[in-house]
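Quick notes on the structure that follows.
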Amino acid sequence: MCGVAGMVSTASPDPAAVRTMCDVLAHRGPDGEGFHTDDHVALGMRRLAVIDVSGGDQPVFNEDRSVIAVFNGEIYNFPELRRDLLSRGHRFRTNGDSECLVHLYEEHGEDLVHHLRGMFAFAVWDAGKGRLLLARDRVGKKPLYYRDAGGSLAFASELKALSAIAPGRGEVDPVALHHYLTYQYVPAPWSILRDVRKLPPGCLLNWQGGRVQVRRYWELDFTPGAVTSEQEAAERARELLLEATAIRMLSERPLGAFLSGGIDSSAVVAAMARLSPKPVKTFSIGFEDAQFDERAHARAVARQYGTDHHEFVVDASALEILPTLAWYFDEPFADSSAIPSFYVAQLSRRHVTVALNGDGGDESFGGYARYAQMARMEKFRVHTSLRPAVKHMGRSLLAVAPACSKRRRAGRALTALSETPQRRYARLMSYFMPEQKQDLYAEQLLEETAGIDSYELLDQAFRGSRAVSRMNQLMDVDVNSYLPGDLLVKVDISTMANSLEARSPFLDHRLMEWAAGLPAELKVRGGTTKYLLKKALRDWLPHEVLYRPKQGFGVPMGHWLRTDLKDVAWDVLTDRTAVERGLFRPEAVRTLLKEHQAGEDHARRIWALMQFELWHRRFVDQPLPGSPTVDGQPLRRTG
């Protein structure tokens, strides 16, 4: 697990700039660094040593050093790949996974990605062809940003690394901001800065002679597969989860698991316990507010499997880490569960270097309550000719109904029913609805985003889905939007900020591809989500863990914004610094704050505005200096 950075140019790259970028990425790789420079490329990396600790340094080279690679992630099938490559005459100098890349490239070119099973973001330089290949794993566990400047291209694992070599260039992309306020994250290929882009998940970037081409190499296929019986499918689900977990337990450093008390993380712990000869180390985060506290369920699983269990309670004082989060997250990021994610990673790192988690179970097996909600709403079809009238009724109610009233809920329901199923789902996933953004934006931002429809991103995902059923379509859309844009960013940043490697058995692409072919009725049946997975885990997990309502990994943000965070929110969003940006109408922001105090739930919207403002103050108002710092402390290279 590492941070990677580099520059390629038709002229000469700047090795010092690559070293600066790697300094910024030191938290991703505290165990060492490595660099390579030639006439047209400079590559660098920071290493968190997990496999081949003593000998797995990077960059890695082929036999004649004409192919060079830097790599972030883990290739779980590297033992098989290594045996095959050795049989083909390739020679290795290390015992790790990263060296497989250069030899696979020699054998397969850019098709090497189809042979990899794992999480990765890597760069391969082919000196003979003057070609740079960048790649990101199938679902987007590991990030990669790049800046294309015509004759040169710079890339890095984090946005702030690119900002460090171009201080003062950070200009907010209004379209990215527009999308962020809808989804709580900046979706790929945008970044929050105009001149930087993200390589999307499952994509390759080719640079040669100053020209850049990006293409997608993988997408989940929801073509229905054959299912003989529910029992057989349940057995296969257990087999695939055990195998995906087993290959993720290979580590030369201490290993444990996040245990939230939900089905997915509990299933991973159960699988680990079956595979481990000693107690699994488990880590949970809780809250004083019982509505958000899942520790009792996590303890039930920990007791059943005799784990070495550790807990931490998060309260409002934990919000002291907000400036730290603003630094590490690079871009505005409004999923407030980043707070407990950061703390559980911090807790885990005191004991282990690698932690497995349950990410991906919801998207593969139908775990979100909104899937069942969409199924219910499908029963209430509104004829196309009536939709404008129903929408008008809904918006009229919303305009006059008191906060938290039945009329207001009715207004929201009517507005949702007036939409197509695709747009209905987009509204479910929204922080700010389109009409709310129109009320919020000042004149200039209105002009810059005129005609830009954030919901079109989900429309494209729906159109591109090969799923037959609506339910599988929803999961496909989430795999291409919410999963890589929100969940995987949250886990990657919060763990790497603490120099911790996170691994996700449910995101094994073979397990995902099998689950995608399951009939939708095995995922969501009536009001039961994760129908098949729950059946598969009956002998593994306590009944109260399997069949309790889903809580999610949330925080009591609504309460905090009315109490401990009330003054902070007002100060951050209404002071002179925020107002003079001219992006949002001050009276609209104050209305949100006042209505929230009066009982209307604007917590997600207020938090999104706060995270943007905190990010802007850290990265735009105070551009990164030439010598990067974290929380005011200078970074130091090792090695």
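The values are calculated or read from the model by the stated rules, or taken from the named source; none is laboratory data. Predicted model, so just to flag it, every value in this text is computed and none were measured. Note that we place each Cβ from the backbone using ideal geometry, even for glycine, and neighbour counts take in every protein chain shown.
Working only within segment 524-564, note down all residues that are over 26 Å from ASP289 (Cβ atoms) and part of a helix (DSSP H, G or I). Across segment 524-564, the qualifying residues are TYR531, LEU532, LEU533, LYS534, LYS535, ALA536. For the residues GLY130, GLY140, the requirement of being of a type in the set (Gly, Ala, Ser), crowded, with 22+ Cβ neighbours inside 10 Å, out of contact with any Asp or Glu (no Cβ under 8 Å at 6 or more places or on another chain) and at positive phi singles out GLY140.
Please verify whether PRO254 is out of contact with any strand residue (DSSP E or B) (no Cβ under 9 Å at 6 or more places or on another chain), surrounded by fewer than 22 Cβ atoms within 10 Å (Cβ to Cβ) and touching a residue at least 40 places away in the same chain (Cβ under 8 Å), treating the condition exactly as stated. No, not satisfied. Note on segment 40-96: among residues that are at pLDDT 95 or above, more than 20 Å from ALA244 (Cα to Cα) and of a type in the set (Ser, Thr, Tyr), the one that is surrounded by the most Cβ atoms within 10 Å (Cβ to Cβ) is SER66.
Looking only at residues in segment 112-127 that are in contact (Cβ under 8 Å) with a residue 60 or more places away in the chain and under 25 Å from the mean Cα position of the chain (by Cα), the one that is farthest from VAL491 (Cα to Cα) is HIS114.
Of everything in segment 500-516 that's among the charged types (D, E, K, R) and under 17 Å from ASP362 (Cβ atoms), which residue is surrounded by the most Cβ atoms within 10 Å (Cβ to Cβ)? Write out each step before concluding.
Taking segment 500-516 first, the residues among the charged types (D, E, K, R) are 501, 503, 508, 510, 513.
Within this subset, residues satisfying the condition of being under 17 Å from ASP362 (Cβ atoms) are 508, 513.
Details: ASP508: 26, GLU513: 18.
That would be ASP508.
Any chance segment 524-534 includes a residue that's closer than 27 Å to ASP459 by Cβ, at pLDDT 95 or above and of a type in the set (Phe, Trp, Tyr)? Taking every residue of segment 524-534 in turn, none turns out to be closer than 27 Å to ASP459 by Cβ, at pLDDT 95 or above and of a type in the set (Phe, Trp, Tyr). Pairs meeting the criteria (first residue in segment 463-480 and free of Cβ contacts under 8 Å to residues at least 60 places away in the same chain, second residue of a type outside the set (A, V, I, L, M, F, W, C), beta carbons under 8 Å, at least 6 apart or on different chains) are SER469/PRO519; VAL477/TYR425; VAL477/SER465. Listed here are the strands (runs of 3 or more DSSP E) enclosed by segment 199-315 that have at least 2 residues being over 24 Å from the mean Cα position of the chain (by Cα): 203-208, 211-216, 308-314.
Looking only at segment 565-609, count every residue that is over 30 Å from ILE263 (Cβ atoms) and in a helix (DSSP H, G or I) and tell me the total. Give the derivation first.
First pass over segment 565-609, keeping only residues over 30 Å from ILE263 (Cβ atoms): 565-600, 602, 606, 609.
Okay, now just the ones that are also in a helix (DSSP H, G or I), so 566-574, 576-579, 586-598, 606, 609.
Of the residues in that region, 28 qualify.
Of all the criteria given as (1) in contact with a strand residue (DSSP E or B) (Cβ under 8 Å, 6 or more places away or on another chain); (2) outside the structural domain of GLU252 (by TED's automatic domain parsing), the one not satisfied by ALA461 is (1). The listed residues are ALA389, ALA401, and the only one of them that is modelled with pLDDT of 70 or more and either of a type in the set (A, V, I, L, M, F, W, C) or under 30 Å from PRO30 (Cβ atoms) (or both) turns out to be ALA389.
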